[in-house]
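Asks: There's a structure below that I have some questions on.
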Amino acid sequence: MTNSVTQHYPMRLSTDAFPEAMRLAAWREIYGRNVAQFEIEPLDDLPFHADVTFHQLAGIGFAVGSRSDANYLMTPALAARARDNVIFGAVIQGTGAISQFDREAIIDAGSAVLLSGNDPSAFALRNRGRGLTLSLPRDSFVPMIANPNRAFAKAIPASTAALRHLIEYLAIVQADFELASAGLTHVVSQHITDLAVLAVGATQETAEVASRRGLRAARVLAIRREVDRRFSDPDFSLSVLASQLGITPRYVQSLLAENDTSFVDEVIQRRLKRAREMLCSPHL
C-alpha cells in the first residue's frame, strides 16, 4: 500500500459511506490507487457496491468482502508501481475470470488462483461476487512452489483439501481471533502461508514441513468448529466427525492428543458449559 492512507487494522472500506453517485469514483480512488493498482470498470449499470475488510498479519495481508460485477485491470504502467508480491485469490461466491501471462482461468465458488502482483493482469468478478485475497511476499513464497512457472493464472480446484482448510482458517481468524501478541500473529501468518503453498503445489521439503505445521493446525480448528456445531446432537460421534472432515478417527484423536485433549473431553466440556448456562438462566 502507498503511504497516502493511514492504515489501522482491521480496516473496512465500504462504498455505503458515500452518496450513490460517488461510490464508483470513491472505490477507484481509495482501492484502485491507494490500496492496490487497478483500473476498475463496472460490468453493468446497477449502483456500484463494494464492502471489503483488510487485515494485516506478520508479513502478509488478507482481505475479505463483496463487490459489484466489475473488471479490475492492471496495466503495464500500474504494474510498474505495484508491490513485488504474489496474490492468492479465492472466490467465495460468484465467478471470477483471470488472465495473466497469456493464460486464462475461470474461478468458480470455492476455487482459487495465484497471480503475480506486479505483472499486468485482468480480473473480472461476476454474479455479485464475494472473495478473499492474500498478499504474500514473492521472495519467500515463490521458492516454496514446486513449479513456479506453471503456478500463476492456473485454477486451483475447490476440491483441494488445503484450499478448503485455508478458507475456513481465514474465516476463523477474521471472526474469532484476538491477535494480541506479535508471537501469535507470526504463528497464524505461518499457518496461512503453509496452507496457501500447499494449495498451489509445494516442493517436497516445503510440503513435509507445512503439513506438520499449518495443515495440522487448520485440521484441529476444523475439528473444534465441528464439535462446537454438533456437540448437543445425540448421533454425533468420533466416527461421524472423522467422516465429515475426510480423515480417520485415529487421526482425529492423534491431533487432539497433541493439544492435551480428546474427542470425549471436547464434547463433555461443551455440554457441561451448556448445562451450566441453562441452570443459571432465569428463563429456564
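Asks: Find all pairs meeting these conditions: Cβ atoms under 9 angstrom apart; at least six residues apart or on different chains; first residue within segment 269-284 and more than 21 Å from residue 225 (Cβ to Cβ); second residue open to solvent by 100 Å² or more (accessible area, probe 1.4 Å) and of a type outside the set (Lys, Arg).
Replies: Between residues of segment 269-284 that are more than 21 Å from residue 225 (Cβ to Cβ) and residues that are open to solvent by 100 Å² or more (accessible area, probe 1.4 Å) and of a type outside the set (Lys, Arg), the close pairs are 278/284.
Asks: Can I ask one more? How many residues are open to solvent by less than 30 Å² (accessible area, probe 1.4 Å) and in contact with an Asp or Glu (Cβ under 9 Å, 6 or more places away or on another chain) if we restrict to segment 31-49?
Replies: 2
Condition check ((1) at pLDDT 95 or above; (2) open to solvent by less than 50 Å² (accessible area, probe 1.4 Å); (3) under 16 Å from the mean Cα position of the chain (by Cα)) across all residues:
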position	(1), (2), (3)
113	yes, yes, yes
117	no, yes, no
125	no, yes, no
140	no, no, no
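Asks: Given the conditions (1) farther than 21 Å from residue 141 by Cβ; (2) open to solvent by 40 Å² or more (accessible area, probe 1.4 Å), report the number of the one that residue 247 does not fulfil.
Replies: For residue 247, the failing item is (2).
Asks: Quick check: anything in segment 266-284 assigned to a loop (DSSP other than H, G, I, E, B) and surrounded by 10 or more Cβ atoms within 10 Å (Cβ to Cβ)?
Replies: No, there is no match, as no residue in segment 266-284 is assigned to a loop (DSSP other than H, G, I, E, B) and surrounded by 10 or more Cβ atoms within 10 Å (Cβ to Cβ).
Asks: Then there is this: In segment 69-98, which residue that is farther than 20 Å from residue 163 by Cβ and touching a strand residue (DSSP E or B) at 6+ places or on another chain (Cβ under 6 Å) is surrounded by the most Cβ atoms within 10 Å (Cβ to Cβ)?
Replies: Taking segment 69-98 first, the residues farther than 20 Å from residue 163 by Cβ are 69-84.
Filter once more, so that each one left must be touching a strand residue (DSSP E or B) at 6+ places or on another chain (Cβ under 6 Å): 69-74.
Values: 69: 18, 70: 21, 71: 16, 72: 20, 73: 18, 74: 26.
Residue satisfying both the conditions and the ranking: 74.
The values are calculated or read from the model by the stated rules, or taken from the named source; none is laboratory data. Remember, it's a predicted structure, so these values are computed and weren't measured experimentally. Here Cβ is always computed from backbone atoms with ideal geometry, including for glycine, and neighbour counts include all displayed protein chains. What goes into the accessible areas is simple: the full protein's heavy atoms, side chains included, and nothing from ligands, DNA or RNA. Shrake-Rupley method; radii C 1.70, N 1.55, O 1.52, S 1.80 Å.
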